[in-house]
Structure formats: C-alpha cells, structure tokens
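Input: a single structure, listed below in structure tokens.
The values are calculated or read from the model by the stated rules, or taken from the named source; none is laboratory data. Here the structure is a predicted model, which means the values were calculated and not measured. With ideal geometry, Cβ positions are generated from the backbone for all residues, glycine too; neighbour counts draw on all protein chains shown.
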Amino acid sequence: MNPPVLARAIEATRRYGDVLALDRVSLDIGAGELVGLLGPNGAGKSTLMNLLVGLRRPTSGTVELFGGSPSDPAVRRGIGVTPQETGLPESLRVGEIVDFVSAHFPERYGTAELLARVGLGDLVRRQVGGLSGGQRRRLAVALAFAGRPRLVFLDEPTTGLDVEARRTLWEGIRSFHADGGTVVLTSHYLEEIEALAQRVVVIGRGRVLADGTVREVRDVVGVRRVSFAAPAVPDLPGILRSSVEDGRVHLLTTDSDLLVTELVRAGTAFADLEVRPTSLEEAFITITSEEEARV
Amino acid sequence: MFDLILVHTRYQFLEQLRVPIALVASAFFPAAAMLALVVPFAGSDPASATSATAGMMLFGAMSAALIGLSINVAQDREQPWDPYLRTLPAGPLPRFAGRILTTMAGMLLSVVPVLLISAFLTAAAISPLRLALGIGALLVGSVPFMLLGLFIGYAASPKAAIAVSQVAYFPIAALGGLLVPLEVMPGFVQSLAPFVPSRGAIELMWAAVAGRTPSPVSLAAFAGWIVLAAAAAAWAYRRDEGRRFS
C-alpha cells in the first residue's frame, strides 16, 4: 500500500507576468519520504516550494497540502519552513525568535532542546545581529522544526556552512526522517541531495525533468564531455549533443567509456583526447534540450 | 487568534524598544517644541498651557503614526522575514494588529516627556478624568495618521516612505495649529486649517481636556480624511498583497 500523500501538485502552472516559472508540474509527496528538489537557479524550485507552502497560488492547476489548500492557515500547522537567514529580525535574541515562531503551533519543542539540536544551545540569549552567517543558517533551519511538523520544507539548508556544521545538520535531518518525518529539500548541490535524499526530482525551465532514486537521476545527470581534435563529428553511439569548435569536437554522453571504445574501434583519426565530468549546469542543459527536442 | 495578536505585539514592541530611534524621535521633537514654544510663551496661563500641551501630544503621536508606521511597514515589506511569516499557521491579521497596537504603545510613550514638562514647567492643570479622556481623544485623533502611514508604507519603498512622511508631517501639524496657535498665523492658513486632518484631531482633544466645542466643519473634514485614508491604505495593501502573495 502506498503511504498517504501529504503534498500534491496537479498540472500546476505559475506565471509571473510573461515569465512561465512553472509549467504543468505534477508531483506527489508521500508520508515518510525524503525528497530532494534539484535544479539550477531560476529553474522553478522556489516557485514550486512557494506554491506548496501557500505563499503563492498557481495560475492554473491545483496544489494540495494534507488534502486541503496551502493557503488555509490551519492546514499549515503541519508544515515547517526555513526562512532566509538574511531576514531574521536583528534585534531579537535567538531564544526569542524560537519562542515567537513556536507560539504559532499547537505542538512544539522546548526552545533549549531545539537549539541544542542545531548546535546553538549556548547562544539562546545572543541577539541575531551578533550571529555569524553559519549560525543564522542553523537558526533558520531550527525554526522549520519548531512546530513539530509532519512535513518540513528546507530551502538550501546548508549553503554557507562549514563541513562540520553541515554534517551536524544532515544528522538532524536524517533523525527527523527516521522518526517518521517527511522532508522536501532544495539544493543546487548534487552532493547534498545524494547525501540525504532517497528520491530526487530534477526541475529545469519550470518542468519536472527527472523523478527517481538518486542512482537513477545520477545516471541521467551524470553526463560527461568527451572532446578531441578531429575535422568532423564521427558517427558514434550514445551522443547526446555534439558541436565543433576551432577544430575540436565536443561530445556529451552518459557513457564515456563506450564512446571512447567506439571512437578507437571506428579507426577515425583524432588527437588530444579529453574526458571530463560536466557540471550539473551542463547536465541540466542537456536534459532540457532533449526535452525540447522531443516536443 | 487573540493569543497570536498578543504574541506578535510583544515581539514587535520588543524590536521597537531595542532599536528605539523612532521612539526617541517621536518623543524628542514634541518635547523640544514644548520647551521652545509652549513653556516661554503660553506656560503661565493655565488654559492656554493646557491646550498647547494637547497640541504637542498630538504632534508626537502624529510622528509615531505617520513616520514610524510608514517606515516600519515599508522596511518589513523588503525583508524576506515577511513572506516567511506568511508560511506560519496564522493569517495576516495577528501581524497587522500587532503593528497597530505597537504603534499605539509608541504613541503613548512619546507623550510622556511632554506631559512631564507640562506638569512641572507650565501652569497647565487637568483633572485625572479629563487626562484620560484626552488620551482617548489622542488615540482617536491619530487614526487618520495611522491610515496615512499604512498607505505610504504599503505604497512606497523605505527611502521614499521616510521622505514622503516627513515632508507631509510638519505642514499638516503646522496647518492644524498644533505648533503655534492659528490666531498668529497668516490668513490663508486660517482659512485652510479646518480642512487638514490635524485640525479635527486637535479639536477633539480640546473637547476632551477643556470641554471646548469642536467646529463641525473640522470634524466633518476629519471624518472625510479617515474615509479617504482608509480607502488609500486598503488599495495599497491589496496591491502589495497581489504583487507578492497571489
């Protein structure tokens, strides 16, 4: 039996004026899942999050939270969201901000316990204005958990943190998930998504480009660039995209081993062979352009 | 819901107290004007000292309502904390009500120095009942200025809000006869005075503290300003909501 769906988008489209930020996205988030939303900046991750937490309404289509509307405050008792750490009220103390946010929820953690979990236990009385960037980030993440949510939305939770703080936070997210909590997190780092998520949804140009396990998605985005000097693009299998620049052939492929084997086997003259991993950005462009080619 | 209004008020007020520039400004200007204009010229006559004190109280409350509120709203709209609060399980009401209550508390604090100066340095005299009535009239009289503050705050950027609210503040106060009595002002000011919102507000206060009968024209204009400013504030609020949260 499938777990109950906590959050759902059905053919959700969102426009900002002429800009199409989200294009007919359908997505179910089941209880107990740990879902990573992966995509370059401007891909539509934030727009999708904003629809799910009730900050924005879809231009067309439907978005549901616990079977209700995200714009209903009572429905939002079950979620937790990270604020952007740049906007935290500077003059309030760390403990006061946690108390303030907690007061909105029927169930809550003790302020001291919550802050201890993110390693800010000794800063309860410090004013937010006196925190470092990393401390603010950890406070922001703690606030998402203040109301004992069933479903938590973490937007770039570890950006700007050092390795140790990142691992602490990852542990916290894992233990929340192990206790039955559901997590949706965004990141533009594949590494972070790999470390935490079981399911990865790749978003690009407002669409869901891939939705699967980390392994499946890595195979899709694990694109490599093979380039060498040759006069023309040889006929080889498994090429996603090819181009010729200044006498060099550039090929994007998901299987560089096979491609190079075939290149040698074909007996084509080439020189100066180079194989390197593409950036996530390039991988997205590849997937997106495939998507467009299909339409 | 009531609990949440108190929670929002408490933390907004704490923020105000920790960065008290707005509070200090709205307490300082009327206190300084009191020392410069009222104590030397009207201080010895009980009746004129009392009405002049009421004028200075309103002058301070106007600063908190018009300048303080517009700057707070405009600044908060630019912070990502504002949309975050919209993800919490509360509608926009607790934050909005908290803002109004915090502004009112700021207004009441800002009149304390004026009252102290009036009590110790002038011949002003007032019964406790009339003082309480006067403070009630102060809150009512500030309504159009709070609405104008909301309008400016929701319609303008923080820098524009500072400029617009300060440019509006002094002429409105002066034209209403808050700083110096209208009798010593030029004729065109006297003919304009009944139509500015500060005039109806100060006449309400004088009715409360001294039992004077307010002019019907000033009161009608005051009511008209409330309707106009409420419509403008509602328009700016909806426009801002639509742009950021629809």
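Within the stretch B:180-203, identify whether any single residue is surrounded by fewer than 19 Cβ atoms within 10 Å (Cβ to Cβ), within 18 Å of the chain's Cα centre (by Cα), assigned to a helix (DSSP H, G or I) and free of Cβ contacts under 8 Å to residues at least 24 places away in the same chain, and answer yes or no. Scanning the stretch B:180-203 turns up no residue that is surrounded by fewer than 19 Cβ atoms within 10 Å (Cβ to Cβ), within 18 Å of the chain's Cα centre (by Cα), assigned to a helix (DSSP H, G or I) and free of Cβ contacts under 8 Å to residues at least 24 places away in the same chain.
Can you go through A:Arg125, A:Arg150 and tell me which one is buried (at least 16 other Cβ atoms within 10 Å of the Cβ), touching a residue at least 24 places away in the same chain (Cβ under 8 Å), on the phi < 0 side of the Ramachandran plot and of a type in the set (Lys, Arg)? From the options A:Arg125, A:Arg150, the qualifying one is A:Arg150.
Which residues, taken from the stretch A:79-94, are at the interface with another protein chain (Cβ under 7 Å from one of its Cβ atoms) and either part of a strand (DSSP E or B) or surrounded by fewer than 18 Cβ atoms within 10 Å (Cβ to Cβ) (or both)? Result: A:Val81, A:Gln84, A:Thr86, A:Ser91.
Annotation note: of A:Thr86, A:Thr47, the sole residue that is within 17 Å of A:Phe153 (Cβ to Cβ) and either at pLDDT below 90 or out of contact with any helix residue (DSSP H, G or I) (no Cβ under 7 Å at 6 or more places or on another chain) (or both) is A:Thr47.
Taken over the stretch A:8-30, residues that are within 18 Å of the chain's Cα centre (by Cα) and in contact (Cβ under 8 Å) with a residue 60 or more places away in the chain amount to 8.
Taking the condition touching a strand residue (DSSP E or B) at 6+ places or on another chain (Cβ under 9 Å) and not in a helix (DSSP H, G or I), does A:Asn50 pass?
On the way: touching a strand residue (DSSP E or B) at 6+ places or on another chain (Cβ under 9 Å): yes; not in a helix (DSSP H, G or I): no.
Spelling it out, it is not the case that A:Asn50 is touching a strand residue (DSSP E or B) at 6+ places or on another chain (Cβ under 9 Å) and not in a helix (DSSP H, G or I).
Within the group B:Thr53, B:Thr9, which residue is more than 14 Å from chain A (Cβ to nearest Cβ) and on the phi < 0 side of the Ramachandran plot? Even if it seems obvious, please write down each step before you answer.
Values: B:Thr9 fails: more than 14 Å from chain A (Cβ to nearest Cβ).
Being more than 14 Å from chain A (Cβ to nearest Cβ) and on the phi < 0 side of the Ramachandran plot holds for just one of B:Thr53, B:Thr9, which is B:Thr53.
Scanning the stretch A:188-198 for residues that are crowded, with 18+ Cβ neighbours inside 10 Å and either at pLDDT 85 or above or not aliphatic (A, V, I, L, M) (or both) turns up A:His188, A:Glu192, A:Leu196, A:Ala197. From the list A:Val244, A:Val200, the one residue that fits, being assigned by TED's automatic domain parsing to the domain that holds A:Val75 and part of a strand (DSSP E or B), is A:Val200.
Scanning the stretch A:95-122 for residues that are under 18 Å from A:Leu161 (Cβ atoms) and surrounded by 19 or more Cβ atoms within 10 Å (Cβ to Cβ) yields A:Leu114, A:Leu115, A:Arg117, A:Val118, A:Leu120.
Within the stretch B:22-38, is there a residue that is within 14 Å of chain A (Cβ to nearest Cβ) and either part of a helix (DSSP H, G or I) or among the basic types (Lys, Arg) (or both)?
Here is the first cut: in the stretch B:22-38, the ones within 14 Å of chain A (Cβ to nearest Cβ) are B:22-23.
Then keep just the ones that are either part of a helix (DSSP H, G or I) or among the basic types (Lys, Arg) (or both); that gives B:22-23.
So far as the stretch B:22-38 goes, yes, one or more of its residues are within 14 Å of chain A (Cβ to nearest Cβ) and either part of a helix (DSSP H, G or I) or among the basic types (Lys, Arg) (or both).
Pairing residues of the stretch B:74-91 that are facing another protein chain (nearest Cβ under 7 Å) with residues that are at pLDDT 90 or above and assigned to a helix (DSSP H, G or I), at Cβ distances under 6 Å and at least 6 apart in sequence or on separate chains, gives B:Pro89/A:Arg76; B:Pro89/A:Arg77; B:Ala90/B:Leu4.
Residues that are in a helix (DSSP H, G or I) and crowded, with 17+ Cβ neighbours inside 10 Å within the stretch B:40-57 comprise B:Ala42, B:Ser48, B:Ala49, B:Thr50, B:Ser51, B:Ala52, B:Thr53, B:Ala54, B:Gly55, B:Met56, B:Met57, listed in sequence order.
Search the stretch A:254-281 for residues being part of a strand (DSSP E or B) and modelled with pLDDT of 85 or more, and hand back the single one that is surrounded by the most Cβ atoms within 10 Å (Cβ to Cβ).
A:Val275
Report, by residue number, each residue of the stretch B:213-243 that is surrounded by 14 or more Cβ atoms within 10 Å (Cβ to Cβ) and in a loop (DSSP other than H, G, I, E, B). The answer is B:Pro214, B:Ser215.
If I filter the stretch A:97-108 for residues that are free of Cβ contacts under 8 Å to residues at least 24 places away in the same chain, more than 8 Å from chain B (Cβ to nearest Cβ) and out of contact with any Asp or Glu (no Cβ under 9 Å at 6 or more places or on another chain), do I get at least one hit? There is at least one residue in the stretch A:97-108 that is free of Cβ contacts under 8 Å to residues at least 24 places away in the same chain, more than 8 Å from chain B (Cβ to nearest Cβ) and out of contact with any Asp or Glu (no Cβ under 9 Å at 6 or more places or on another chain).
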